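The values are calculated or read from the model by the stated rules, or taken from the named source; none is laboratory data. Note that the structure is a prediction, hence the values are computed from the model and not measured. Ideal geometry is used to build each Cβ from the backbone, glycine not excepted, and the neighbour counts take in all protein chains shown. What goes into the accessible areas is simple: the full protein's heavy atoms, side chains included, and nothing from ligands, DNA or RNA. Shrake-Rupley method; radii C 1.70, N 1.55, O 1.52, S 1.80 Å.
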Amino acid sequence: MQDKTLSNLKTLLYLIPFLMCSVLSYSQDFSVKGTIVDSNDTPIEFANVIIMSEDGSEALKGTSTDDKGFFEIKNLRANTYLINVRYLGYKEYRQIINLEGHLDLKFIVLAEDSEQLDEVSINVKKPVLTREADRLVFDIENTALVEGNMLQVLKSTPSVLVMGDDISVKNSTPTIYINNRKVHLSADDLNQLLEGSSANSIKSVEVITNPSANYDAESGVVINIIMTKNLITGYRGSIFTNYTQGVFPRYNPGTSHFFKNKDISFNVNYTYSKDKINRDGDNTINYLDASNNLDESWRSLINRNTWSETHNLNLNFDYFIDDHNTLSFSSTMLYLPYFKYKIANATNITDVNGDFLSRFTADNLSRDNKYNLGFDLDYSHQFKKGELAFNAHVTTYNYERNQRVLSEFFDENNDFTTASSFKTLANQDTGILATKVDYSLPINDNSNFQTGLKFSSIQTESDIAQFDINLNTGNETLDAANSDAFNYDEHIYAGYMNYDLNTDTFSLNAGLRVEQTNLEGKSPLTGLTNSQDYLELFPNVSFQYNIKEGYSIYTNYKRSIARPGYAELNPFRFFINENFVVSGNPFLVPTFTDHYVLGSSLFNDVLTVEAYYKNYDGAIHEIPRQNNDTNIIEYISVNFDKTVEFGFDFLTSFNVTDRWSVYAVTSFYNIEEQADFGQGVVTNNQWSNYSVLQNDFNFLKDNSLNANLILTWVGKNLQGFQVVENRLFSEFAISKSLFKKKATISLSVSDLFNQHDFAVRTQYQNQFSKQFVDIDDRYVRLGFRYKFGNTKLQTNARSIDLEERDRIK
């Protein structure tokens, strides 16, 4: 492996001079300085001075005054700016400046504003939807949506579908970023983080369907949650709590704190969740004979209850060494000390005529604990033109499970015959180390060049031991056939270039990413070894042409990769009961996706029409496979030979009145899947419809009462040779500001029409099963949030990034 590593490093060395060379051009830098005083000529310390774009839409640079009221903002280019000065208890000062040299504003006098001493001014607005060539931008700052949690915001984001623990965009699993930094958690942990995190500081959500080359190649679709940036000093904090009543109650308190001065910026968020989640299932497996005729039907009524206590901590620390250098430390930590998973299963077995043959029960009780700790150290240097950024990342993940299963069997007369029991101990330790360097260069006012290198190393060690339990003596005997160990080692070397150009007539973004992957998985007990070594290119391009004001056409293309999760490669067989097993597949290979889009935006983004085509080479799906000889159903991840998806999207957003805005989308798409399971090629395809209708309302003269209603229709669709029937998702949320807008009380209701539950059907070749899933997603949630400190501050909270952590299960 070491020789391969050295060889691959040499392979990529040729990239370094090409990627990292650029010509630095220099431009004249100017400064603005002055002194802030009150009406008595007393200096005002800690006044916030912000340089903004001329129209006031974007904050560019900022500082605060010293003890003499003095400020100076350097490294400004010749341009026209808006200078904004704020201090609590004084009226806001705004002035247009035309900067053509070093500017001394002398004295700026702030007038007192007694009415604002204890009041926070918030202009509530409606969500704004903007379509760009490679992304959809959903601006929700100061809307009713920010009074919930991050997961609720994603549920309300156009084209994003949240179902249980699964987040998808057009049938693809997106990579979640916060402030362009990846969140590195499994699907379960990610949901816990998003549901427990307040949305109050979210500015917008970007659904990036064609990420540029500086994103990892695994980022086929990106959801980037943009937090409002802070350029002013002071402290602010908030506390919040949510009570949710579903089948069982759930509790979610938390707190956020932010501090910034001239030298440092610090943000910390903590949430605690205590949940009990219910899930019911009605599953039928029709076992077939050699002629694929019905032999026996096994119908199982399953109740699942999950108890959990979760701690989430996110912290960010920035040290501004000087105007050109910044050192940052970030961490995302999840600790789950208590997790109990209980399954009560009752299965009835009938013959082809529906006559009772036998039955059994299986009670499964699991206790888990885990932690996922990620740490990032960043350094950035601002040149006169351009920026160089370094990042080092470490993740440590530990997971332990202790499971015990008891089964009891009954004959055709419903008399007890026998019982069995087994215990399973499973462990996984994963360590991730990654480093990267990025360089960005503004070529001129309209174009930019980016390049970078990255290396990541992932090592995971897993083991599983299953013990048969003698119910008479309690003695435990190791089941060697279902015990194993697995060691996994992966190295990825990557380099990229990206160029973007924006003019009044057109915009272009083009890039190329190169990734070399070496991996090896070993099972020391069985001798099984899986090695893979591949070098791949990942191009991307987006182009938008503005025909005239309000009318544009665009097209884009991207190639991406989806590597198997570490647990999916793990060869272990984990038994839920004696006839239900979840297995890994060490022979999985990555999925490569080619994604093409052609669209047009009309009437100033009021209407967007889009056609798309996706080709998946080796799509990975976890599917049920029933063995008609052993009467065991196994859930296992496999690569499909062919998966093609294409469709047509129609999107519109507009204001019905000043207080009522509407967003609507409908998508008609087709999915075709093809695979060979050893009995010949099987092909399925299905047309489906995805539609969303979202309404946002503002009430009362001060806009302090806000409401949001969203309806999402997901028509019958195909997912891994399983047909999922129609579903209607619905959610209503309302919020009211209190105590001069320092507090907010909110109420939300999910699944208004009791249509979130779903049915799934599998029928091809010798596979014939169905299930109905009743999820605990119909609830009422009551929330309260209170802000304190300088509540005019906005947070710059972010989350650490590393795509390798997403594959931890």
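Once you treat every alpha carbon in the range 362-510 as an equal point and sum by Debye, what is log10 I(q)/I(0) at q = 0.12 Å⁻¹?
-0.74
Count neighbours as other Cβ atoms within 10 Å of each site's Cβ, and list the GluC sites (Glu not before Pro) in the range 390-448 that are DSSP loop with at most 14 such neighbours.
Passing sites in the range 390-448 are Glu412.
Is the C-alpha gyration tensor of the range 48-102 telling us rounded, prolate or oblate? Criteria: a/c under 1.5 is rounded; beyond that, a/b larger than b/c is prolate, otherwise oblate.
Since a/c reaches 1.5 but b/c is at least a/b, the shape of the range 48-102 is classed as oblate.
Rounded to the nearest 10 Å², what accessible area does Phe390 show when all protein chains are kept and the probe is 1.4 Å?
Taking all protein chains as shown, Phe390 has close to 90 Å².
So for the pair Phe772, Phe356, with labels modelled 7 Å out along Cα→Cβ, what separation do we get in nm?
About 2.1 nm, to one decimal.
Check which residues have an amide H placed less than 5 Å from Gly62's amide H, if you skip close sequence neighbours.
Answer set, sorted by chain and number: Ile51.
Return the Rg/Rh value of the range 616-761, two decimal places, where both radii are evaluated on C-alpha atoms and Rh is the Kirkwood radius.
Radius of gyration over Kirkwood radius for the range 616-761 works out to 1.16.
Once a ≥ b ≥ c are taken as the square roots of the eigenvalues of the Cα gyration tensor of the chain, is the result rounded (a/c under 1.5), prolate (a/b larger than b/c) or oblate (a/b not larger than b/c)?
prolate
Just subtract the alpha-carbon distance of Ala392 and Leu598 from 0.36 nm times their residue separation and send over the number in nm, one decimal.
The span from Ala392 to Leu598 would gain 70.4 nm if fully extended.
Would you kindly derive the ³J(HN,Hα) couplings of the range 602-615 from the backbone phi angles with the Karplus curve 6.51 cos²θ - 1.76 cosθ + 1.60 (θ = phi - 60°), listing them in order in whole Hz, with x for Gly and Pro?
Per-residue couplings from phi come out as 10, 6, 6, 6, 5, 9, 10, 10, 9, 10, 9, 9, 10, 10 Hz.
Using the Karplus equation 6.51 cos²θ - 1.76 cosθ + 1.60 (θ = phi - 60°), what ³J(HN,Hα) coupling, rounded to whole Hz, does each residue of the range 395-410 give in order, writing x for Gly and Pro?
Once rounded to whole Hz, the list reads 10, 10, 10, 9, 9, 9, 9, 10, 10, 9, 10, 10, 10, 10, 10, 10.
Taking the Cα centre of the chain as the origin and placing charges on Cβ (Lys, Arg +1; Asp, Glu -1), which of Gln95, Tyr270, Leu478 is farthest toward the positive end of the dipole?
Gln95
Just tell me which lysines come within less than 20 Å, Cα to Cα, of Lys423; anything on the same chain fewer than 8 places away is out.
Straight-line reach from Lys423, under 20 Å: Lys340, Lys342, Lys370.
Convex hull over the alpha-carbon atoms of the range 302-378: what's its volume per residue in Å³?
For the range 302-378, the hull spanned by Cα atoms encloses 126 Å³ per residue.
Holding the Cα-Cα limit at 25 Å, pick out from Lys436/Lys522; Lys182/Lys262; Lys61/Lys106; Lys74/Lys203 the pairs that are longer than that.
Beyond 25 Å between Cα atoms: Lys436/Lys522; Lys182/Lys262; Lys74/Lys203.
How many percent of the accessible area of the chain is carbon or sulfur, using a 1.4 Å probe?
Accessible surface attributable to carbon and sulfur in the chain totals 54 percent.
Take the alpha carbon atoms of the range 641-687, find their center, do the same for the range 50-76, and report the distance between the two centers in whole angstrom.
47
Cα centroids of the range 755-776 and the range 346-378: how far apart, whole angstrom?
That distance is 16 Å.
Determine the percent antiparallel among the DSSP beta bridges restricted to the chain, to the nearest 5.
Among the beta bridges of the chain, antiparallel pairing accounts for roughly 95 percent.
Report, in whole Å, the centroid distance computed from the Cα atoms of the range 462-518 and the range 381-438.
That distance is 11 Å.
Evaluate Rg over Rh across the range 387-446, taking Cα atoms for both radii and Kirkwood's formula for Rh.
1.57
What does the charge dipole of the chain about its Cα centre add up to, to the nearest 20 debye, if the Cβ of each Lys and Arg holds +1 and the Cβ of each Asp and Glu holds -1?
1940
What distance in nm separates the simple spin-label points at Val662 and Thr241, each placed 7 Å from Cα in the Cβ direction?
In this crude label model, Val662 to Thr241 measures out at 4.1 nm.
Please give the helix 2-13 orientation as an angle from the longest Cα principal axis of the chain, in degrees from 0 to 90, rounded to the nearest 10.
The angle comes out near 40 degrees.
Using a Förster radius of 45 Å, what is the FRET efficiency between Asp641 and Ala480 based on their Cβ-Cβ separation? Nearest 0.05, please.
0.80
Per residue, how much accessible surface does the chain expose to a 1.4 Å probe? Answer in Å², no decimals.
43
Full extension from Tyr551 to Lys61: what is 0.36 nm times the residue separation minus their Cα-Cα distance, to one decimal in nm?
Working it through step by step, the gained length comes to 173.1 nm.
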